[in-house]
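Asker: This structure is in structure tokens; I'll ask about it shortly.
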Number of protein chains: 2
Amino acid sequence: MPREEVVERLLTVFRDRGYDGASLAELSEATGLGKSSLYHYFPGGKEEMAGAVIAHLNEWLWVHALEPLTQPGAPARRIQRMVEALDECYAGGKNACVLGNMVVGAGRQIFQRELRKSFGAWIDALAKVLADAGQPPKQARERAEDAVIRIEGALILAGGLGEPTPFRRLLKRLPHDLLAD
Amino acid sequence: MPREEVVERLLTVFRDRGYDGASLAELSEATGLGKSSLYHYFPGGKEEMAGAVIAHLNEWLWVHALEPLTQPGAPARRIQRMVEALDECYAGGKNACVLGNMVVGAGRQIFQRELRKSFGAWIDALAKVLADAGQPPKQARERAEDAVIRIEGALILAGGLGEPTPFRRLLKRLPHDLLAD
DNA sequence: GTCTATAATAGGATAGAC
DNA sequence: GTCTATCCTATTATAGAC
């Protein structure tokens, strides 16, 4: 099995259980690999597995959600691309956010640097497209930050309520709110 | 030590570590009680401890943040009361949200009912004050939900970035955004 | 590369003395 | 009520055969 496939299966476990809640037993079951095989792929153990998952997610996020924000075209169109990518990534609000879940417990300390970088890149990319839309830099940054806040918060609320509707509602109004006068 | 004091100390551990990350060793250390003493207070073990923590937080949230929303007075003033309470509860963004962290991992299944009730009550109380301010019911509900989303999301982002500023910025603009035309 | 077996430790929980 | 001591299981991780 290609390493990327392994990482994608590990991702589902960290996404659903968080860093502390993800056990090697479940990681093994999700990949179909024995524990020792996992250590062959990731000598650093669980920490390295989670690191690979975060790196993989960052790559996905960049290619499918952030890079489209930097492409030529109308800002509204570019933002719509990101929204569609997020809708797929989070399965319309049924999936939790790996980054958001990593903030909890031991993951927070271990991956502080990566989390900072991931959230920072996200905000940067959004601020840029809003600046392209003619918004003053400070407003663009504040709204970009607010968008990430809302996405993460909507996934938390969807998880807490046990229904994805808050996230779906958010995605629907997000492009308008970002570009409103 | 009064039970309430014990629960408050347990709360700090679940808040910082999440449900899966909170170990009996740390819960014991935080309270200054041996494991057996904890089981004297909470025969149901860790699950009962976390349940007591959630109940305690709900009580605090109601008394300090939600009940003021229902009091007579100008909506803007009432909302300001809630904001001040949240600022204290989350230490200006330095503390995580117990409810938000409980959504991750095993806590999500175990406390689904409680989480649903907590978030629901919060949204209800906010929607009510916005309706009092003259907003149509649907708009009041959507904005109330959005406020909870933003609060939870801002705490996640603050945790991920390692700095409380996103939360502080959010609290500052929240009253205006809720009551805007 | 993947497996079985096993170590070593940490986890949640209980018994029983005081 | 609180402690010490202990139990059992799950957990992370490694060794070594194939």
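Asker: Measuring from centroid to centroid over Cα atoms, what is the spacing of the stretch A:158-181 and the stretch B:37-110 in Å?
Answerer: The stretch A:158-181 and the stretch B:37-110 have Cα centres separated by 24 Å.
Asker: From Cα pairs below 8 angstrom and at least 6 apart in sequence, can you work out the relative contact order of the stretch A:53-179, rounded to a whole percent?
Answerer: 29 percent
Asker: If I take R0 = 30 Å and measure r between the Cβ atoms of A:C89 and B:E26 in this structure, what FRET efficiency does the formula 1/(1 + (r/R0)^6) give, to the nearest 0.05?
Answerer: 0.35
Asker: Determine the calculated [θ] at 222 nm for chain B from helices alone, applying -39500 (n - 2.57) to every DSSP H run no shorter than 4 residues and normalising by the residue count; nearest 500 deg cm²/dmol.
Answerer: -24500 deg cm²/dmol
Asker: For chain A, state the semi-axes of the equivalent ellipsoid (square roots of 5 times the eigenvalues of the alpha-carbon gyration tensor), sorted largest first and rounded to whole angstrom. Could you put the intermediate results ahead of the total?
Answerer: On the way: eigenvalues 199, 55, 41 Å².
Computed over chain A, the values are 32, 17, 14 Å.
Asker: Whole-Å semi-axes of the protein assembly as shown's equivalent ellipsoid, largest first, each the root of 5 times a Cα gyration tensor eigenvalue?
Answerer: 31, 30, 16
Asker: Would you mind computing, in nm to one decimal, how far apart the modelled labels at B:R3 and A:W60 are, each placed 7 Å from Cα along Cα→Cβ?
Answerer: Taking the simple label geometry, B:R3 and A:W60 are separated by 4.5 nm.
Asker: For A:T70, B:T31, what ranking results if the residue with the fewest other Cβ atoms within 10 Å of its Cβ goes first?
Answerer: With the fewest neighbours first, A:T70, B:T31 line up as A:T70, B:T31.
Asker: Check each of the GluC sites (Glu not before Pro) in the stretch A:20-70 and keep only those in coil by DSSP with at most 11 other C-beta atoms within 10 angstrom; list them in order.
Answerer: Loop-located and lightly packed - none at all.
Quick note: the coordinates plus some simple rules give every number you see, no bench work behind them. On a predicted model such as this, the values are computed, not experimentally measured, just so you know. We place every Cβ from the backbone using ideal geometry, glycine too, and count neighbours over all the protein chains shown.
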